[in-house]
Every structure is written in C-alpha cells, then in structure tokens.
1. It is to be established whether one or more residues within the stretch 49-58 are modelled with pLDDT of 90 or more, touching a strand residue (DSSP E or B) at 6+ places or on another chain (Cβ under 9 Å) and not aliphatic (A, V, I, L, M).
2. Quick one: which residue in 87, 81, 133 is surrounded by 12 or more Cβ atoms within 10 Å (Cβ to Cβ), basic (Lys, Arg) and at pLDDT 90 or above?
3. Would a scan of the stretch 55-73 turn up a residue that is β-branched (Val, Ile, Thr), open to solvent by 40 Å² or more (accessible area, probe 1.4 Å) and under 22 Å from the mean Cα position of the chain (by Cα)?
4. In the stretch 126-153, which residues are under 25 Å from residue 70 (Cβ atoms), of a type outside the set (D, E, K, R) and out of contact with any Cys (no Cβ under 9 Å at 6 or more places or on another chain)?
5. Is it the case that residue 97 is acidic (Asp, Glu), open to solvent by 60 Å² or more (accessible area, probe 1.4 Å) and more than 19 Å from residue 161 (Cβ to Cβ)?
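The values are calculated or read from the model by the stated rules, or taken from the named source; none is laboratory data. Source: prediction; values computed, not measured. Counting neighbours? That spans all protein chains shown, and the Cβs are built from the backbone with ideal geometry, glycine included. Side chains are part of the model used for accessible areas, which takes the heavy atoms of the whole protein and leaves out ligands, DNA and RNA. Shrake-Rupley method; radii C 1.70, N 1.55, O 1.52, S 1.80 Å.
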Amino acid sequence: MDLTQKNQRLALRLMAVAMLMFGFGYALSPLYSAFCKAIGLDRAQAAITQPGAALRLEFDSNVAADLPMTMQALDPVVMAKAGGVVKARFVLQNESDQVLQVRAVPSFAPVRAAGLLQKLECFCFDQLQIAAKERREVTVVLLVADQLPAEMGAATLSYSLQKMAQP
C-alpha cells in the first residue's frame, strides 16, 4: 500500500470522526432536555419561578461611624417587575471641611436576591471623591430577572459607605 492510499484512508477516518462529533453536538441539546426532564429539573424550575411577578425592593444606607457624611435613599421602596429596569437615587452629603475618598459597599438580603438583580450602573463601582460640604446625588440602575421566585416578596439592597485611604 503506497503513501497516497494511506493518506486517503486517514482522511476518510478523520472525516468520519468529524461527522460523528457534529452529530453528537447536534443531538446534545435534545439529550440534555430529556435527561433534565427524566430527573425532574424542568418541573422544579417552573415551580419556583413565575414570569411577570413583582418584587418589593427596599434600599437601605449606612455610614461608617468615623465618616463625617450622610447618605439617604431618595427612593427607599420601589416595586420591581420581572424583566424590568429599576432606578434608585441616593444623596451623599460631606459634612466635613475636607475632601473625602469614599466607597459604597453593597449587600443583598436575602443573599439570593443578588442573582435576581443585575447592576447596570452603580455608584458603588468606583471610589468617590466628595468635596468639602458637597451634596451629591448618585444612582443605581438594576435589571430585574425575567422570572422571580414566587415566595420572594421583598428584597433589600443595602449600601455601607466606607472611608478610603487618602493617596
């Protein structure tokens, strides 16, 4: 058998392997769906979420004890609809005669609410420099998940304002 015939045979084998891999990839989605249905994953997901639900979203603010600032949520309670966008405003006020470097540290309650709310824009993304006696309005924009758990009626997004070290 010469080299040309060996190369042709190898090419045919490789083409057969490639076609089998393509077929497996094509069949993977229906196989995965059948597997999930067999173990009950699709029914569990449908039972714990509901499209079009609403969520009472509460905004809380805290300031570190050694920080001469105030922070207040202008929109302390907002009704968030599944798949909707929520915008909330806060006011930061520097009470001191010095420029302050601060950062807002977010937290969610219950913790699983963090997976339902995606921050599109947030004053917590960056360190903020607040001038002496400055009053600044800042915002957070959240994208709400398309499906919300039926038993979750409310969630709290809390921001703790912390002083950062001066450069």
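1. So far as the stretch 49-58 goes, yes, one or more of its residues are modelled with pLDDT of 90 or more, touching a strand residue (DSSP E or B) at 6+ places or on another chain (Cβ under 9 Å) and not aliphatic (A, V, I, L, M).
2. 87
3. No, the conditions are met nowhere in the stretch 55-73.
4. Scanning the stretch 126-153 gives 127, 128, 129, 130, 131, 132.
5. Working: acidic (Asp, Glu): yes; open to solvent by 60 Å² or more (accessible area, probe 1.4 Å): yes; more than 19 Å from residue 161 (Cβ to Cβ): no.
No.
Let's see how each residue does on (1) modelled with pLDDT under 90; (2) of a type in the set (A, V, I, L, M); (3) in a helix (DSSP H, G or I); (4) closer than 30 Å to residue 164 by Cβ:
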site: 4; (1), (2), (3), (4): no, no, yes, no
site: 9; (1), (2), (3), (4): no, no, yes, no
site: 13; (1), (2), (3), (4): no, no, yes, no
site: 16; (1), (2), (3), (4): no, yes, yes, no
site: 20; (1), (2), (3), (4): no, yes, yes, no
site: 23; (1), (2), (3), (4): yes, no, yes, no
site: 35; (1), (2), (3), (4): yes, no, yes, no
site: 42; (1), (2), (3), (4): yes, no, yes, no
site: 60; (1), (2), (3), (4): no, no, no, yes
